[in-house]
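Structure, as structure tokens:
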């Protein structure tokens, strides 16, 4: 099933309405869909490097709006919709831990999850379920999702096709390195 969804999204990269399809994919990925928008973002930017910033912008805005929808799922529909999504990803234990730490680290968790390969939909739902400040959620989401998608667009715009395989193979590692550096910086600032 995942492979057929992956192939479907790759086919849509050259569709005349690809920007709309990217927006829908980005929106749904932030709340319930399992395929990240990067797999459509990458071929779209490679096909139209002059439009890289517009593509990244649409992806970012749609992702934040989808995150708000995920927040709503957690806030108003957790038992009906949210819990089955958490169960689908087999993240019940992580979700319980996440709830306990959320009030203390919520904004940072949203920021890290928004940039990293962690399933962002889990964070959006948890943000609503724990009733995190919607303003804080939106700001953290906008900064982290934009950073992620604009970084991918910039690398593709700057380096073109050779960077594609590097990004696809190492996106998780690159995001992890960024998150470790970000978290390390905040820890260092706390003790300096």
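The values are calculated or read from the model by the stated rules, or taken from the named source; none is laboratory data. On a predicted model such as this, the values are computed, not experimentally measured, just so you know. Note that we place each Cβ from the backbone using ideal geometry, even for glycine, and neighbour counts take in every protein chain shown.
Looking only at residues in the stretch 12-31 that are farther than 26 Å from residue 141 by Cβ and surrounded by fewer than 12 Cβ atoms within 10 Å (Cβ to Cβ), the one that is modelled with the lowest pLDDT is 14. Inspection of the stretch 79-91 identifies at least one residue that is over 28 Å from residue 39 (Cβ atoms), modelled with pLDDT under 90 and surrounded by fewer than 22 Cβ atoms within 10 Å (Cβ to Cβ).
Determine whether residue 107 is touching a helix residue (DSSP H, G or I) at 6+ places or on another chain (Cβ under 6 Å), more than 22 Å from residue 137 (Cβ to Cβ) and surrounded by 15 or more Cβ atoms within 10 Å (Cβ to Cβ). For residue 107, the condition - touching a helix residue (DSSP H, G or I) at 6+ places or on another chain (Cβ under 6 Å), more than 22 Å from residue 137 (Cβ to Cβ) and surrounded by 15 or more Cβ atoms within 10 Å (Cβ to Cβ) - is not met. Residue 140 meets the conditions (1) surrounded by 12 or more Cβ atoms within 10 Å (Cβ to Cβ); (2) at pLDDT 70 or above; (3) farther than 21 Å from residue 102 by Cβ in every case but one. The failed one is (3). Against the conditions (1) surrounded by fewer than 17 Cβ atoms within 10 Å (Cβ to Cβ); (2) closer than 22 Å to residue 91 by Cβ; (3) at pLDDT 90 or above; (4) within 16 Å of the chain's Cα centre (by Cα), where does residue 34 fall short? Just the number, please. Of everything listed in (1) surrounded by fewer than 17 Cβ atoms within 10 Å (Cβ to Cβ); (2) closer than 22 Å to residue 91 by Cβ; (3) at pLDDT 90 or above; (4) within 16 Å of the chain's Cα centre (by Cα), residue 34 misses just condition (3).
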